[in-house]
1. Mind jotting down a quarter of the surface of the convex hull over the alpha carbons of the stretch 10-56, in square nanometres, one decimal?
2. Please list, or write none, the aspartates and glutamates whose alpha carbon is within less than 20 Å of the alpha carbon of Lys22, excluding same-chain residues fewer than 8 places away.
3. What's the Kirkwood radius of the chain in Å, using all Cα pairs?
4. Lys92: which lysines have alpha carbons under 30 Å from its alpha carbon, excluding same-chain residues fewer than 8 sequence positions away?
5. What angle do you read, to the nearest 10 degrees and between 0 and 90, between the alpha-carbon axis of helix 78-91 and the longest principal axis of the chain?
6. What does the highest-first list of 20-28, 66-74, 78-86 look like by mean Cβ count within 10 Å?
7. Please report the antiparallel percentage of DSSP beta bridges with both residues in the chain, rounded to the nearest 5.
8. Counting helices only, and only those DSSP H runs with n ≥ 4, report the 222 nm mean residue ellipticity of the chain as the sum of -39,500 (n - 2.57) divided by its residues, in deg cm²/dmol to the nearest 500.
Amino acid sequence: MTLLYPIRNSLYVNITNLCCCKCVFCIRNITDSVGGSDSLWLDHEPTMEELKQELEKFDLDDYEEVVFCGYGEPLMRINEVVEFAKYIKSKKNI
Ligand code: SF4
């Protein structure tokens, strides 16, 4: 289950598979992964603890930005987005 994945200088957060849209261009319709990541389909919606543990595997100094964009609409979990963004900010002003 891929929660975080790098693309160039960005670290992407795959925080949900929930989505209220059905965009015709949605990449979920044609592949299971992006930019060399493993499958972005989640076994379950990740907990904050799982996200924090996964973040420990990455060095934030390697990235210029964190992007909330995975296989779902991140703001379906807006409380978790805000909490995790604050947590990341507490680690590095990125
Ligand atoms: S995951 Fe993103 S691109 Fe795909 S349907 Fe939802 S909002 Fe659209």
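1. About 4.2 nm², averaged over all directions.
2. Asp32, Glu45, Glu73
3. Value: 13.6 Å, from the Cα pair sum.
4. Once the sequence-local lysines are set aside, what remains near Lys92 is Lys52, Lys57.
5. Helix 78-91 sits roughly 30 degrees off the main axis of the chain.
6. The packing order, highest mean first, is 66-74, 78-86, 20-28.
7. Counting only bridges with both partners in the chain, antiparallel ones make up about 55 percent.
8. -7000 deg cm²/dmol
Each reported figure results from applying straightforward, stated rules to the coordinates on display, with no laboratory input. Computed from a predicted model, the values in this text were never measured in an experiment. Here Cβ is always computed from backbone atoms with ideal geometry, including for glycine, and neighbour counts include all displayed protein chains.
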